[in-house]
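The structure appears right after this line, and notes come after that.
Only the coordinates and a few stated rules stand behind these numbers; no lab work does. Since we're looking at a predicted model, the values are computed, not measured. Quick reminder, even Gly has a Cβ in these numbers, built from the backbone with ideal geometry, and neighbours come from all protein chains shown.
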């Protein structure tokens, strides 16, 4: 094998590797791995931050009580009550952001209220005492939790966008009856299957048309736009 043949072979192998690396399914798999890492790290930081705030809130709520008494023990319940509501909201947003479903205003209000309540209970004693160092110390964990809560939702949404962008770069190649199924064909099938009592979601579009997971959000948006104009 001469040099030109070796170069041609290397070029063919490189093209094959590049084709797999840029394949939407491979890209989606890599993004899912990144998503799991981001989720794990953010959740770890949030849980550790809330664990730190729990001790501060207990001290705030049990002020003036005897250690071991019923009010002192009940003070340990205050912060988990707020934190569990916050964690429930974040867990739900983890799913809605994955499928790019927007939540209502009350969800955001509840999230902000629980974060604000945690911050106030953490820093009230420090502000009352006028201790700058204590204010900074007790402010950092709640603020980090607040920033992480806002960032993680946007990150999940953008990671989903990254999967969709990769899917958009590949034309639909599914074969049905000897003919390639195009985006317009899928949309026509979805339009025919849709009835007014059906909520148009990517999951419903996949069931109705048999399209891929990467294509279904685009089809759902297009069908919703058509239905809205009818």
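For the listed peptides 221-227, 129-135, a ranking on the average number of other beta carbons within 10 Å per residue, highest first, reads 221-227, 129-135.
When only Cα pairs below 8 angstrom with a gap of at least 6 residues are kept, region 175-229 shows a relative contact order of 34 percent.
For the chain, modelled as a GNM whose springs connect Cα atoms under 10 angstrom apart, the maximal fluctuation among 30, 108, 66 occurs at 66. To the nearest ten degrees, helix 3-21 and the longest principal axis of the Cα atoms of the chain are 50 degrees apart. With the cut-off at under 20 Å, measuring from each backbone N in region 80-118 to a point 7 Å along the Cα-to-Cβ line of residue 47 picks out 80-96, 115. Computed from the Cβ-Cβ distance with R0 of 41 Å, the FRET efficiency linking residue 95 to residue 3 stands at 0.15.
Contact order for the chain, expressed relative to its length and based on alpha carbon pairs under 8 Å spaced 6+ residues apart, stands at 21 percent. Each of residue 106 and residue 134 was given a label point 7 Å from its Cα along the Cα-to-Cβ line. The distance between the two points is 3.8 nm. Across every direction, the projection of the convex hull enclosing the Cα atoms of the chain has a mean area of 22.3 nm². For a distance above 16 Å, tell me the whole-number percent of Cα pairs in region 175-229 that qualify. Cα-Cα pairs of region 175-229 separated by over 16 Å account for 32 percent.
Full extension of the segment from residue 73 to residue 113, taken as 0.36 nm per residue of separation minus the current Cα-Cα distance, would add 12.0 nm. If the elastic network links every pair of Cα atoms under 10 Å, which of 145, 181, 47 fluctuates the most in the Gaussian network model of the chain? Greatest mean-square fluctuation among the candidates belongs to 181.
Where only DSSP H runs of four or more residues are counted, the chain gives -27500 deg cm²/dmol as its mean residue ellipticity at 222 nm, each run worth -39500 (n - 2.57).
Rounded to the nearest 10 degrees, the angle from helix 132-168 to the longest Cα principal axis of the chain is 10 degrees.
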